[in-house]
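Colleague: Provided herewith is a single structure, encoded as structure tokens, for subsequent inquiry.
The numbers here are math on the coordinates, done by the rules we state, and not lab data. For clarity, every value in this text was computed on a predicted model and none was experimentally measured. So basically every Cβ, Gly included, is an ideal-geometry build from the backbone, and we count neighbours across all protein chains shown.
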Amino acid sequence: MSSNEGSFSDFPEEGLEEDRTAIVHLRDLNRSSMPAGPDRHVIIRMDASNVGKVLTLDSGEYRIGRHPSCQVVLQDDGVSRRHARIVKGGTAYVLEDTGSANGTFIAGKRIEKQQLADGDVFQLGPNVMFRYTYTDASQERMLQQLYDASVKDALTGAYNREHFEERLKAEVAYANRHSTIVSLVMFDLDHFKQVNDTYGHQAGDAVLVAVSQVVAHGLRTEDVFARYGGEEFAVVLRGIDLKGSAAVGERMRERLAANAVPFEQHRIGVTMSVGCAALTCCPEVSTTTLIAIADRRLYAAKRGGRNRVIWEG
């Protein structure tokens, strides 16, 4: 599993740092200990599928653009490859345009270089917007919890279906514009109803959590792992072709089959059926077609005896 520590991307990090994603209740938001005062410089995404995503500025410089070497990577055609940078100057941060084609703006005014003030909204090109704020640790933590709760499944910590669909649209559109590769793996747990019927729904939940951990552990930072519904999951693979997606699916299948899930005094064996598709499979470029092909192959795997990967036909 690769790491992208310290970076901030349009394509968020892979899934599971914890078993569960916290659901934030309003009654909990005021329970933090008394803050020592503002000491965190934070930027918050204000547009697109990553709205609400938080980056804490804790080093001297952040380069922003489409180039993968940037600390803040933005997959938007209106953003230059090396669009701007945020640099620490004393106790403040300065936003500086680095020769972008479409400009950098604060409060709607194009700038070359300007110190950021608490509450400033800045824009990169025509589409991408962030808000800068100077805050404390408890507010930073609350912002992160709210973002996680909006995009992740509460039980498994995988991304939820709504976020998956937004991200898949973005990936497909980007791949189509730039003639790059994207593929999709969909899988369903075999005989999952029998787990619930035999061991109870708590056991079923334990299986879903364990499966999510096993799968997420073997994925890259840029892969999008989501709970599609019930016991069905999906993985979006950027830069991987159809044959490569089948290899990913087979690796997930083998790992899951080799890891029985412990629950109370039981060890529950679980297998998956997997269907794979890539944009090259699609007669027309659309997320609907890509999902339909992967889903059809998933059910071909189930009809063919389960616990297998289908990537053709």
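Colleague: Determine the relative contact order of segment 248-287: mean sequence separation of Cα pairs under 8 Å and six or more apart, normalised by residue count, in whole percent.
Modeller: This gives 34 percent for segment 248-287.
Colleague: Provide the descending list of Cα extents for the chain along its principal axes, expressed in whole angstroms.
Modeller: Answer, in whole Å and largest first: 63, 50, 27 Å.
Colleague: Right, here's the next one. For the chain, with a Gaussian network of springs between Cα atoms less than 10 Å apart, report the residue from Ile291, Ile111, Ile44 with the top mean-square fluctuation.
Modeller: It is Ile111.
Colleague: Ok, one more. Under 8 Å for C-alpha pairs, at least 6 residues apart: give me the relative contact order for the chain, rounded to a whole percent.
Modeller: 18 percent
Colleague: Given the -39500 (n - 2.57) contribution per DSSP H run of 4+ residues, what per-residue ellipticity at 222 nm results for the chain, rounded to the nearest 500 deg cm²/dmol?
Modeller: So the helix-based figure for the chain works out to -9500 deg cm²/dmol.
Colleague: Looking at the chain, do any whole DSSP H helices span at least 30 angstrom along their long axis by alpha carbon and average -1.0 or above on Kyte-Doolittle, and which?
Modeller: none
Colleague: Efficiency by 1/(1 + (r/R0)^6): what FRET value for Tyr299 and His266, r their Cβ-Cβ distance, R0 = 35 Å, to the nearest 0.05?
Modeller: With a Förster radius of 35 Å, E is 0.75.
Colleague: Mean separation of Cα pairs under 8 Å and 6+ residues apart, divided by the residue count of segment 62-187: what relative contact order is that in percent?
Modeller: Reported as a whole number, the value is 13 percent.
Colleague: In whole Å, what is the distance between the alpha-carbon centres of segment 120-184 and segment 185-237?
Modeller: Spelled out, the Cα-based centre of one part sits 22 Å from the other.
Colleague: Need the list of lysines near Lys113 for cross-linking: C-alpha distance under 17 angstrom, and skip anything on the same chain fewer than eight residues off.
Modeller: Excluding near neighbours in sequence, the set is Lys88.
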